[in-house]
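Have a look at the structure below, then the notes.
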Amino acid sequence: MDKKAILCYWNNVRHLTLRILDEFPADKFDYRPAAEIMTVSQLFKHILNIEIYIRDGFLTGEWKEPSMAPSTFFEKEMLMDKLRSENQKTIQKLSEVPDGRFLKVRQTPYGEVSGEILLMVAIDEEIHHRGNLYTYLRCLGKVPPQMIQNYGNILKENDDVSETI
């Protein structure tokens, strides 16, 4: 899969993540089905931090441990805006990386991998934790949004990858 298609796919993944965030009542961000697992807010912050960690590590070659997003991101709208803006920033910055540099294999915390594989790691991480959030919604008696969406847009010729977010 080429860089543009991967970024378009990630945009689609994020779009659904934002729809899931929208389903959570603002007063349920501290909810967790069991004491030893992350809260709703912590899961969304983790998704955000992994994106920033992988993007910045890829772009700079420096792999700094991600710090948790500020506590102000407990507020639903602020978290929604940050998830949206960071994904747009990621897509824009990685779109500008020349294909040769993007495909180059480099040493990372995930082994020797290309930019393509790093993006897949970030996307997998988001999808994995989104699955947790689906379960949380069900525990709260809510029906999560349908998972399949916008897949027809992934292969369309379009210069603006971030269009659907």
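The values are calculated or read from the model by the stated rules, or taken from the named source; none is laboratory data. Because the structure is a prediction, the values reported are computed rather than measured. Here the Cβ positions follow ideal geometry from the backbone for every residue, glycine too, while neighbour counts run over all protein chains shown.
Quick notes on this structure:
- Residue 61 being exposed (fewer than 15 other Cβ atoms within 10 Å of the Cβ) and either hydroxyl-bearing (Ser, Thr, Tyr) or at positive phi (or both): yes
- Spans of helices (runs of 4 or more DSSP H) in the range 79-165 with at least 1 residues at pLDDT 90 or above and closer than 23 Å to residue 66 by Cα: 99-103, 115-139
- Conditions (1) assigned to a helix (DSSP H, G or I); (2) modelled with pLDDT under 95; (3) not polar (S, T, N, Q); number of the one not met by residue 30: (1)
- Single condition residue 66 does not satisfy, out of (1) assigned to a helix (DSSP H, G or I); (2) within 23 Å of residue 30 (Cβ to Cβ): (1)
- Residue match in the range 90-103 (condition: touching a Gly at 6+ places or on another chain (Cβ under 6 Å), surrounded by 17 or more Cβ atoms within 10 Å (Cβ to Cβ) and either more than 22 Å from residue 127 (Cβ to Cβ) or of a type outside the set (A, V, I, L, M) (or both)): yes
- Taking the range 30-41 as the range and being surrounded by fewer than 20 Cβ atoms within 10 Å (Cβ to Cβ) and out of contact with any Asp or Glu (no Cβ under 6 Å at 6 or more places or on another chain) as the test, the residues that pass are 30, 31, 32, 33, 34, 35, 36, 37, 38.
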